[in-house]
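Undergrad: Submitted below is the structure of interest, expressed as structure tokens.
The values are calculated or read from the model by the stated rules, or taken from the named source; none is laboratory data. As the structure is a prediction and not an experimental result, all values here were calculated from the model. Note: ideal-geometry Cβ built from the backbone for every residue, glycine included; neighbour counts use all protein chains shown.
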Amino acid sequence: MAEIDLELEVLKQLSIERIQEKYKELFGVAELPCDNKTYLLKRIAYKLQERAQGGLSKKACARIDELILRYDPVNNKALRPQVISAGAVVQTLPFIRDKRLPIPGTLIRKKYKGKELTVKVLEKGFEYNGKKYRSLSAIAQEITNAHWSGFTFFNL
């Protein structure tokens with residue numbers, strides 16, 4: 001590990017171009033994922049450690065994939081299923097409810113600038129002040145006149 005630490009200390013002193021070259025060499029790629037020096041150094045550090053001590057076992061990788069499928073709402077393939085029609089993958093997906101949302105019929109309440117806001121969760125969208133919206137973010141923008149993540153604004 002001391003050898004890896006020393007190599008990383010040397011890398012930190014190099015220009016971004018040299019770090020990019022090292023990344024391409026280690027990962028065997030022609031294109032970089034980004035130009036962020038910190039990110040590239042972290043990936044290089046992991047790769048060097050992986051080479052020295054070995055990577056994750058197949059069992060560990062399988063367990064990670066299983067946990068992602070079950071618990072990760074962003075990467076959960078159940079939220080973004082692959083749709084195949086006439087033998088081809090269809091790019092447009094049917095409407096699938098976000099698992100982070102309360103069930104339809106739930107009232108989301110929030111106090112904002114002394115006013116009590118109430119939003120009703122619908123099967124496809126939301127209702128606020130008698131008007132239907134496709135997203136909580138649209139409602140938050142209507143209320144604040146600024147862009148907000150609906151989940152953040154309504155504390156979900």
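Undergrad: Take the residues in the stretch 139-156 that are buried (at least 16 other Cβ atoms within 10 Å of the Cβ) and part of a helix (DSSP H, G or I), then tell me which one is modelled with the lowest pLDDT.
TA: If we take residues in the stretch 139-156 being buried (at least 16 other Cβ atoms within 10 Å of the Cβ) and part of a helix (DSSP H, G or I), then 150 is modelled with the lowest pLDDT.
Undergrad: Given (1) outside any helix (DSSP H, G or I); (2) surrounded by 14 or more Cβ atoms within 10 Å (Cβ to Cβ), identify the lone condition not met by residue 29.
TA: Of everything listed in (1) outside any helix (DSSP H, G or I); (2) surrounded by 14 or more Cβ atoms within 10 Å (Cβ to Cβ), residue 29 misses just condition (2).
Undergrad: Surrounded by 11 or more Cβ atoms within 10 Å (Cβ to Cβ), modelled with pLDDT under 85 and within 21 Å of residue 135 (Cα to Cα) - does that describe any residue in the stretch 84-94?
TA: yes
Undergrad: Among 3, 9, which is without any contact (Cβ under 8 Å) to a residue 12 or more places away in the chain and exposed (fewer than 13 other Cβ atoms within 10 Å of the Cβ)?
TA: Exactly one of 3, 9 is without any contact (Cβ under 8 Å) to a residue 12 or more places away in the chain and exposed (fewer than 13 other Cβ atoms within 10 Å of the Cβ), namely 9.
Undergrad: Residues in the stretch 53-83 that are loosely packed, with under 11 Cβ neighbours inside 10 Å, modelled with pLDDT of 75 or more and under 14 Å from the mean Cα position of the chain (by Cα): how many?
TA: 0
Undergrad: Taking residue 22 as the residue in question, decide whether it is at pLDDT 85 or above and of a type outside the set (S, T, N, Q).
TA: yes
Undergrad: Any idea how many residues of the stretch 110-133 are exposed (fewer than 11 other Cβ atoms within 10 Å of the Cβ) and either without any contact (Cβ under 8 Å) to a residue 24 or more places away in the chain or of a type in the set (S, T, N, Q) (or both)?
TA: 7
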